[in-house]
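Asker: Quick one: the structure is below, and I'll ask about it shortly.
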Amino acid sequence: MLNKIVNDVTNRIIERSKDTRANYLARMKEHYGKRVQRSQLACGNIAHAIAAEETKTKLSLKAIENPNLGIITAYNDMLSAHQPYYRYPEFIKDIALKNGATAQVAGGVPAMCDGVTQGQIGMEMSLFSREVIAMATAVSLSHNVFDAVICLGICDKIVPGLMMGALSFGYLPTVFIPSGPMPSGISNKEKTETRKLFAEGKVGEDALLDSEMKSYHTAGTCTFYGTANTNQMMMEIMGLHMPSAAFIHPNTPLRRAITEEAVKQAIQNTAQRNNFTPLCEIVTEKTIVNAIVGLLATGGSTNHTLHIPVIAKAAGIIVNWDDFAELSNVVPLLAKVYPSGSADVNQFHDAGGMAYIIEQLLAGGYLHNDVKTILGNGLYEYTKYAVLDNSQLSWIKAFNNDSSILSSKDEPFSHEGGLKLLQGNLGRSVSKISAIAEEHRYVKAAAEVFHDQLGVLDAYKTGVLNKDVIVVLKYQGPRANGMPELHQLTPALLSLQDQGYKVALVTDGRMSGASGKVPNAIHLTPEATMNLTLAKVQTGDIIELDLNNGILQLYVDEEELACRQITMPDLNMNKIGLGRELFNVMRDNMSESEHGATALYV
């Protein structure tokens, strides 16, 4: 029996999206189920497409009976999560040939590491990279010689960008293949403590670098439950991975086996085989609701309040933060993974992982089961856990090996999901409250106002913030400076909170999946460039942040606000240097955060 609120929200989304979804599907069905007619291409077109291939592959590509897979790869060897993809195209091509198909690298897309750019100028291009990835995916597939798509990508903006681009070719079957998380290094708690001690000046850079290198130490995704790993949760619960594929380590026999199975499945899903399943039939209103439910039930990244709306919009589906909020009121929190707990994603997977989460959500009526996946109809296969049995890939029944990491639907860690919508006269914002202790969820204090991260850190170092305070950091939105993540602030604010002060952050910027234990109101919309109230907030103004009740309120008389002049910082410096000048057109046309902070679907 489907939960009533889940059903009501889904029906509301379906009704809201009726026209846009119909238009999208009409575009897709112009190409529905058609084999790519390579034989109808001009001879010069065919020759260019197959010139570099071996003779056997050339013969196969000329025959429309043999599916051709287009690989979109986000490989680079600077991103630890993407470094394992180096050999994937070679492996995929080999598996394809053994199964009567071919595969070609259709194109590569950029892959930024937010860990490298955190607190640096390059972070101002991070969100824009999602749009570039979407466009690069479309360019890669525009050769029109592919019968299915394999997407190789994991991290923050990369999976959403790949999804956006692939959905413009939604008439093609599409399979996402992850490479998995790195083995666990030092604990996230230890890493966070070292960062805090460094912010307090109690340890030096040598100790900090040693700690960071013991945490981020080999190939694979970072092990905390941030945006990259939330992406993998999302792909699995949407049925775009092989079951249980999200959190298997790179370069292991199990990872190789499940990747091989994913390639075989992509072949089976083409129009030349017997399980034709285009992407547009998998990504529906119900699938999008399932993605939101998964986000809430696992305490996933706040970045997905930007990414899910824009992925949905790429499929003609319209969602907003009211949908997230209403679902969060009923979806139970079933996982405690850092920063919402002490466990990392490896411990989460070993405890039972996504198979158990999906099993419990289905049993509780929180997920739509009447959806398509790359395997066919329904999510039942995704309640199984992948293992190797005598070197053979198989799936076993879902289990829960650690009740401190996973909880059942009947005894959840919380009866509400991990996100909260905040509203008031400052606008609308979101907060990841699953990571925030109950005693820190209410702050009413005077504001300290800043226009950049360095100003906040300087104020911390000089003791200006040693009090109950709400730090207001504005002009960090998409149109101001590209909406960089502000995770660099976390150690300083956490230090203040640990000293006993009531501390909170209010910003139109982002804090990422690692937003941590400090109360916050992020993604504030409208952003300061368009929000007169936010723009007029001054140091000393009283602000109330009530996470449990969803309140964000500025206590300044309306007449006084009307008389205030806006002092806007010079944003021109955010438009030049390190390639930022190439993104000015995009920056000036970004939508509000609630609508995905996108320049592609305004």
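The values are calculated or read from the model by the stated rules, or taken from the named source; none is laboratory data. From a predicted model like this one, the values you see are computed outputs, not experimental measurements. Here the Cβ is made from the backbone with ideal geometry for all residues, glycine too, and neighbour counts use every protein chain on show. For accessibility, only protein heavy atoms count, side chains too; no ligands or nucleic acids. Shrake-Rupley method; radii C 1.70, N 1.55, O 1.52, S 1.80 Å.
Asker: What's the number of the only condition in (1) touching a helix residue (DSSP H, G or I) at 6+ places or on another chain (Cβ under 7 Å); (2) open to solvent by 10 Å² or more (accessible area, probe 1.4 Å) that Pro484 fails to meet?
Answerer: Condition not satisfied by Pro484: (2).
Asker: Hey, Leu141 hits all of (1) more than 20 Å from Met233 (Cα to Cα); (2) buried (at least 24 other Cβ atoms within 10 Å of the Cβ) but one; which does it fall short on?
Answerer: Failed condition: (2).
Asker: Taking Gly185, is it touching a His at 6+ places or on another chain (Cβ under 7 Å) and either crowded, with 24+ Cβ neighbours inside 10 Å or over 19 Å from Arg510 (Cβ atoms) (or both)?
Answerer: Taking the combined requirement at face value, the residue satisfies it.
Asker: Which is at pLDDT 95 or above, out of contact with any Leu (no Cβ under 7 Å at 6 or more places or on another chain) and not acidic (Asp, Glu), of Lys536, Lys575, Lys502?
Answerer: The unique qualifying residue is Lys502.
Asker: Can you pull out every residue in segment 165-224 that is basic (Lys, Arg) and assigned to a loop (DSSP other than H, G, I, E, B)?
Answerer: Lys202
Asker: Sticking with this one: Just to be sure I understand, how many residues within segment 81-122 are surrounded by 18 or more Cβ atoms within 10 Å (Cβ to Cβ), charged (D, E, K, R) and more than 19 Å from Met182 (Cβ to Cβ)?
Answerer: The number of residues fulfilling the criteria is 1.
Asker: Which pairs do you get when a residue that is among the aliphatic types (A, V, I, L, M), found in segment 324-340, comes within reach of a residue that is open to solvent by 30 Å² or more (accessible area, probe 1.4 Å) and assigned to a strand (DSSP E or B), reach meaning Cβ atoms under 6 angstrom, with the pair 6+ apart or on two chains?
Answerer: Final answer for the pair search is Leu333/Ser414.
Asker: To continue, here is another question. Of the conditions (1) open to solvent by 30 Å² or more (accessible area, probe 1.4 Å); (2) under 21 Å from His307 (Cβ atoms); (3) not small (Gly, Ala, Ser), Leu162 clears all except one; give me its number.
Answerer: Here Leu162 clears every test but (1).
Asker: Does Lys420 satisfy the condition of being in a loop (DSSP other than H, G, I, E, B) and of a type in the set (Lys, Arg)?
Answerer: no
Asker: Could you please give the count of residues in segment 568-589 that are assigned to a loop (DSSP other than H, G, I, E, B) and either among the aromatic types (Phe, Trp, Tyr) or without any contact (Cβ under 8 Å) to a residue 12 or more places away in the chain (or both)?
Answerer: Within segment 568-589, residues that are assigned to a loop (DSSP other than H, G, I, E, B) and either among the aromatic types (Phe, Trp, Tyr) or without any contact (Cβ under 8 Å) to a residue 12 or more places away in the chain (or both) number 2.
Asker: Then there is this: Please go through segment 320-332 and give me each residue that is among the aliphatic types (A, V, I, L, M) and either open to solvent by less than 10 Å² (accessible area, probe 1.4 Å) or at pLDDT below 95 (or both), ordered by number.
Answerer: Leu327, Val331
Asker: To continue, here is another question. Under the condition of being among the aliphatic types (A, V, I, L, M) and open to solvent by 50 Å² or more (accessible area, probe 1.4 Å), which residue from segment 1-40 is modelled with the lowest pLDDT?
Answerer: Here the residue is Met1.
Asker: Let me ask something else. Picking from Leu494, Leu505, Leu465, Leu489, which residue would you name as being without any contact (Cβ under 8 Å) to a residue 60 or more places away in the chain and either in a strand (DSSP E or B) or in contact with a Gly (Cβ under 7 Å, 6 or more places away or on another chain) (or both)?
Answerer: After ruling out the rest, the residue left standing is Leu505.
Asker: Any idea which residue in segment 394-417 is nearest to Asn329 (Cα to Cα), counting only those that are part of a strand (DSSP E or B) and among the hydrophobic types (A, V, I, L, M, F, W, C)?
Answerer: In this case the residue turns out to be Leu406.
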